[in-house]
There are 2 protein chains.
Amino acid sequence: MPDRFAGRRVLITGGLGFLGSRLAARLATCGAVLTLVDLPTALTDDDRRRLGPAANASAYHACDVRDLEQLSLRLAGQEIVFWLAAHGGHLASMQAPLLDLDVNYRSLVAAADHCRRHHPRLRFVFTSTRQVYGRPETLPVSESHRTRPPDANGVHKLAAEHFLRICSEVYGLPTVSLRLTNVYGPGMTLDDPEQGVAGVLLGQALRGEPLTLFGGDQVREFVYIDDVVDALLRAGLVDEPRGEAFNIGARRPHSLREFATAIASILPVDVRIVPFPAERRAIDVGDVVCDSSRFQQATGWQPETSLESGLRLTIESLQLTL
Amino acid sequence: MPDRFAGRRVLITGGLGFLGSRLAARLATCGAVLTLVDLPTALTDDDRRRLGPAANASAYHACDVRDLEQLSLRLAGQEIVFWLAAHGGHLASMQAPLLDLDVNYRSLVAAADHCRRHHPRLRFVFTSTRQVYGRPETLPVSESHRTRPPDANGVHKLAAEHFLRICSEVYGLPTVSLRLTNVYGPGMTLDDPEQGVAGVLLGQALRGEPLTLFGGDQVREFVYIDDVVDALLRAGLVDEPRGEAFNIGARRPHSLREFATAIASILPVDVRIVPFPAERRAIDVGDVVCDSSRFQQATGWQPETSLESGLRLTIESLQLTL
């Protein structure tokens with residue numbers, strides 16, 4: 001599969017982010033002709049380290065995706081765009097819904113509308129989120145589960161999926177969306193609850209603090225970043241995409257207690273279970289178990305990394321950069 | 001019920017439109033303290049005729065809903081806002097998706113976010129569309145039918161519903177959305193396919209042209225405007241709205257042939273059935289049958305107007321203004 005990217009012209013928006021930089025490194029190894037856009041005006045040493053082989057093998061342009069005039073210069077001539085540019089999470093999107101709208105949806109509408117007119121064969125691979133489902137009604141959650149996002153961010157990710165699907169149905173623009181779950185791995189953001197529980201627990205563990213869990217029975221899909229990169233590559237190659245949205249889950253779901261215990265088998269920290277406060281339980285999304293079989297059947301993708309080895313790779317990498 | 005609006009401070013966005021002006025006339029009769037906003041800088045004679053008792057009993061302000069600074073002056077002090085401001089339909093939204101986005105969704109996000117901060121008891125009644133469902137999978141379509149809008153307009157109406165629901169769930173802002181079907185009645189736009197088949201057929205009939213139907217078996221929900229106005233009033237009074245979206249359908253569905261035949265029983269025109277061209281059938285949305293029982297149970301609403309009497313009232317009114 002990697003050979004199929006050799007010489008392909010690929011654009012990544014959000015190319016310096018956690019997922020974007022890892023994807024860039026992989027695509028550079030595959031021999032793709034890479035263009036990255038993101039907000040900073042120049043690459044830092046930290047960016048270069050995360051980009052690895054892509055640091056020198058790709059063209060980087062500072063560009064706000066909300067600026068179609070600038071972005072259109074980068075879209076011209078591409079074969080695939082991985083649209084990973086994104087802003088904020090649950091709380092940020094509720095505090096500043098217009099900013100979330102403009103970055104996460106309006107920019108994509110402008111770009112997709114531009115491309116269906118000027119570059120109708122340019123493929124869009126878009127990273128969405130399992131948050132489009134909201135609190136699951138039935139488990140596991142398949143793609144036909146009803147969509148009821150719990151926050152502005154989820155509304156805008158869902159709207160983006162719909163718009164890309166419509167561009168595919170009406171104009172034949174090849175588009176595909178991946179609904180990601182809890183992605184973890186080297187380069188991830190630590191200690192920001194907005195970025196998910198995995199980074200919070202790993203941040204605590206790396207400081208030697210005990211891992212404190214409410215109850216700990218809540219189930220999540222923790223996916224190692226390289227498995228997500230693999231899913232993105234396969235989405236970039238899938239035959240005749242028609243705007244479908246696919247779940248990207250883990251090999252199997254794990255409870256928070258299992259996740260914390262796996263960390264504690266690598267780092268010398270305690271896991272402390274405390275009762276779930278009633279007011280927190282009320283706003284908890286409940287268990288998350290995703291059915292990824294549609295994407296597996298469509299592409300042959302399988303998440304390869306066990307939780308234990310994924311966590312070991314993550315912790316080793318994070319320790320090097322502390 | 002009308003008495004319950006006496007003295008209430010009510011804002012209507014899109015207050016000069018087909019539905020907005022009819023709602024304004026009714027609310028003026030009920031003794032509401034009315035403010036209307038819409039785009040024109042001044043009322044025309046035609047506006048005044050459609051507004052009826054609201055022409056003198058309401059304050060009118062030219063205001064683009066995309067301009068929150070101006071709109072916020074009109075939101076202050078209101079108890080209910082009927083958000084009827086809208087732009088375009090299927091084709092217009094695909095030709096200019098950013099315009100559709102800004103008018104039909106972004107403006108509402110700005111206003112609802114402003115109100116949840118500054119006017120958290122202000123009630124929003126929003127007019128959505130059955131287009132949020134796309135092509136029905138099962139009939140009749142209830143509110144739990146999956147949402148899969150077929151165009152940018154539907155995406156933005158659906159996003160608006162979600163955002164209002166979330167504002168209700170998270171902040172307690174009282175919001176309710178009505179998913180309208182094929183509304184017809186005095187003041188409707190004729191001859192614009194974007195505004196629906198009812199206005200196209202009525203335009204032909206008023207010119208004495210034959211009514212030409214492809215097949216004619218397609219089923220729609222034709223709702224007389226005063227029944228929709230009644231639904232809006234009831235939505236404005238429903239207890240403790242929590243962001244629900246309700247279907248607003250007809251007394252019963254009618255085929256296009258039945259609709260055309262009912263016109264031909266009032267006006268001396270022929271109904272011509274021609275074969276359904278294959279390329280048109282491919283993009284037809286299929287039959288539309290909505291289940292409105294949830295709204296009926298929640299509010300006691302019933303569509304009162306038969307197709308025959310609704311068409312008679314519509315044609316009499318349209319003939320006066322030709």
Checklist entry - Is it the case that B:L206 is surrounded by fewer than 21 Cβ atoms within 10 Å (Cβ to Cβ) and at pLDDT 95 or above? => result yes
Checklist entry - Which residues, counting only those in the stretch B:170-182, are small (G, A, S) and part of a strand (DSSP E or B)? => result B:S177
Checklist entry - Out of curiosity, is A:R135 at pLDDT below 95, more than 19 Å from the chain's Cα centre (by Cα) and not in a helix (DSSP H, G or I)? => result yes
Item to check | Residues that are facing another protein chain (nearest Cβ under 7 Å) and surrounded by fewer than 23 Cβ atoms within 10 Å (Cβ to Cβ), drawn from the stretch B:151-176 | outcome: B:V170
Next on the checklist: Restricting to the stretch B:133-150, name every residue that is farther than 22 Å from B:D239 by Cα, more than 10 Å from chain A (Cβ to nearest Cβ) and not charged (D, E, K, R).
Outcome noted: B:Y133, B:P136, B:T138, B:L139, B:P140, B:V141
Checklist entry - Can you spot a residue in the stretch A:181-194 that is open to solvent by 10 Å² or more (accessible area, probe 1.4 Å) and in contact with a Cys (Cβ under 8 Å, 6 or more places away or on another chain)? => result yes
Checklist entry - Do we have any residue at all in the stretch A:153-165 that's of a type outside the set (F, W, Y) and more than 20 Å from A:L84 (Cα to Cα)? => result no
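A quick yes/no check of all residues on (1) under 26 Å from B:T138 (Cα atoms); (2) in contact with a helix residue (DSSP H, G or I) (Cβ under 8 Å, 6 or more places away or on another chain):
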site	(1), (2)
B:D226	no, yes
B:N247	yes, yes
B:P253	yes, no
B:A260	yes, yes
B:D284	yes, no
Checklist entry - Can you name every residue in the stretch B:189-227 that is touching a Leu at 6+ places or on another chain (Cβ under 8 Å) and hydroxyl-bearing (S, T, Y)? => result B:Y224
Checklist entry - Out of all the residues in the stretch A:72-90, which are out of contact with any strand residue (DSSP E or B) (no Cβ under 7 Å at 6 or more places or on another chain) and closer than 16 Å to A:C115 by Cβ? => result A:S72, A:L73, A:A76
Checklist entry - Taking the stated definitions as given, is B:F295 modelled with pLDDT under 95 and open to solvent by less than 50 Å² (accessible area, probe 1.4 Å)? => result no
Checklist entry - Would you pick out the residues in the stretch B:26-77 that are open to solvent by 50 Å² or more (accessible area, probe 1.4 Å), modelled with pLDDT of 95 or more and hydroxyl-bearing (S, T, Y)? => result B:T29, B:T44
Checklist outcome for this item: The residue from B:V132, B:V103, B:V109, B:V170 that alone is under 18 Å from B:F246 (Cβ atoms) and not hydroxyl-bearing (S, T, Y) is B:V132
Next on the checklist: Quick check on the stretch A:60-79. Is at least one of its residues at positive phi, within 14 Å of chain B (Cβ to nearest Cβ), in contact (Cβ under 8 Å) with a residue 40 or more places away in the chain and assigned to a loop (DSSP other than H, G, I, E, B)?
Outcome noted: no
Checklist entry - Which of (1) more than 11 Å from chain B (Cβ to nearest Cβ); (2) within 17 Å of the chain's Cα centre (by Cα) does A:P210 not meet, given it meets every other one? => result (2)
Checklist outcome for this item: Considering residues that are closer than 21 Å to A:N153 by Cα and either in a loop (DSSP other than H, G, I, E, B) or not basic (K, R) (or both), the number found within the stretch A:183-230 is 19
Checklist outcome for this item: Restricting attention to the stretch A:101-130, the residues that are open to solvent by less than 10 Å² (accessible area, probe 1.4 Å) and either in a loop (DSSP other than H, G, I, E, B) or facing another protein chain (nearest Cβ under 9 Å) (or both) number exactly 5
Item to check | Unique match (being surrounded by fewer than 19 Cβ atoms within 10 Å (Cβ to Cβ) and without any contact (Cβ under 8 Å) to a residue 40 or more places away in the chain) among B:S265, B:S255 | outcome: B:S255
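The values are calculated or read from the model by the stated rules, or taken from the named source; none is laboratory data. What you see is a predicted model; the values in this text were computed from it and never measured. Don't worry about glycine lacking a Cβ; one is built from the backbone with ideal geometry, like all the others, and counts go over all protein chains shown. Heads up: the accessible areas ignore ligands, DNA and RNA and are worked out on the full protein's heavy atoms, side chains in. Shrake-Rupley method; radii C 1.70, N 1.55, O 1.52, S 1.80 Å.
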